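The values are calculated or read from the model by the stated rules, or taken from the named source; none is laboratory data. Predicted model, so just to flag it, every value in this text is computed and none were measured. Cβ sites come from the backbone with ideal geometry, for glycine too, and all protein chains shown count toward neighbours.
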């Protein structure tokens with residue numbers, strides 16, 4: 001299968017996406033299904049990198065809100081992303097996809113250190129690279145990690161796979177039946193209206209580096225491939241106006 005408009009993608013997966021309907025922890029069945037979708041994307045000759053969140057295990061902001069030191073809480077969240085990355089790597093390997101986990105925090109027994117050139121080389125060799133442990137710094141989200149890594153590896157797009165959301169709306173569609181879904185948005189609109197596509201740091205980084213963001217639902221099988229091939233899906237932020 002021939003690739004579409006993109007050649008190199010960064011897929012951003014939330015921790016909640018790996019938890020499935022149970023809402024917490026790691027659901028092996030769900031992770032296996034995601035791995036098989038990533039395999040389909042690889043069959044389209046695209047370079048694939050993945051950034052995983054850790055909210056299914058631990059949220060740094062939640063810990064901080066309850067009195068924990070913010071930096072400590074964030075480091076715990078980074079460790080949660082490593083657990084998710086290893087689970088995804090295992091699922092990918094089981095379905096025949098070569099992969100490497102690169103961690104921003106040095107833990108050589110379980111993952112490679114993040115090295116930009118090595119990550120690019122892995123993708124050139126057909127491997128999926130999974131970026132774990134965020135940026136390695138507290139106070140930065142995994143959304144910012146996705147934006148930073150996308151810029152570093154010169155990705156064409158960030159695919160934001162959302163659970164329970166099929167795009168970006170002007171208000172919460174779960175509470176407002178008249179909420180309007182956007183087909184296209186400019187970065188500055190996202191920032192000015194506080195639409196929550198990504199946090200402001202991540203959105204600004206994408207804007208500065210002209211990296212489009214596609215927000216779509218991960219709940220429907222096949223959507224990852226649809227988004228990766230550049231087909232009409234969800235909401236695109238910063239793309240070329242049609």
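The table that follows gives values for the structure above.
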item	result
Number of the condition not met by residue 232 [criteria: (1) under 15 Å from the mean Cα position of the chain (by Cα); (2) assigned to a loop (DSSP other than H, G, I, E, B); (3) under 21 Å from residue 47 (Cα atoms)]	(1)
Top-ranked residue of region 191-216 - restricted to ones that are modelled with pLDDT under 95 and in contact with a strand residue (DSSP E or B) (Cβ under 6 Å, 6 or more places away or on another chain), ranked as farthest from residue 6 (Cα to Cα)	195
Single match in 138, 177 (criterion: within 25 Å of residue 79 (Cβ to Cβ) and either assigned to a loop (DSSP other than H, G, I, E, B) or over 15 Å from the mean Cα position of the chain (by Cα) (or both))	138
Helices (runs of 4 or more DSSP H) fully within region 6-111 counting 3 or more residues that are in contact (Cβ under 8 Å) with a residue 40 or more places away in the chain	15-19, 28-42, 70-94
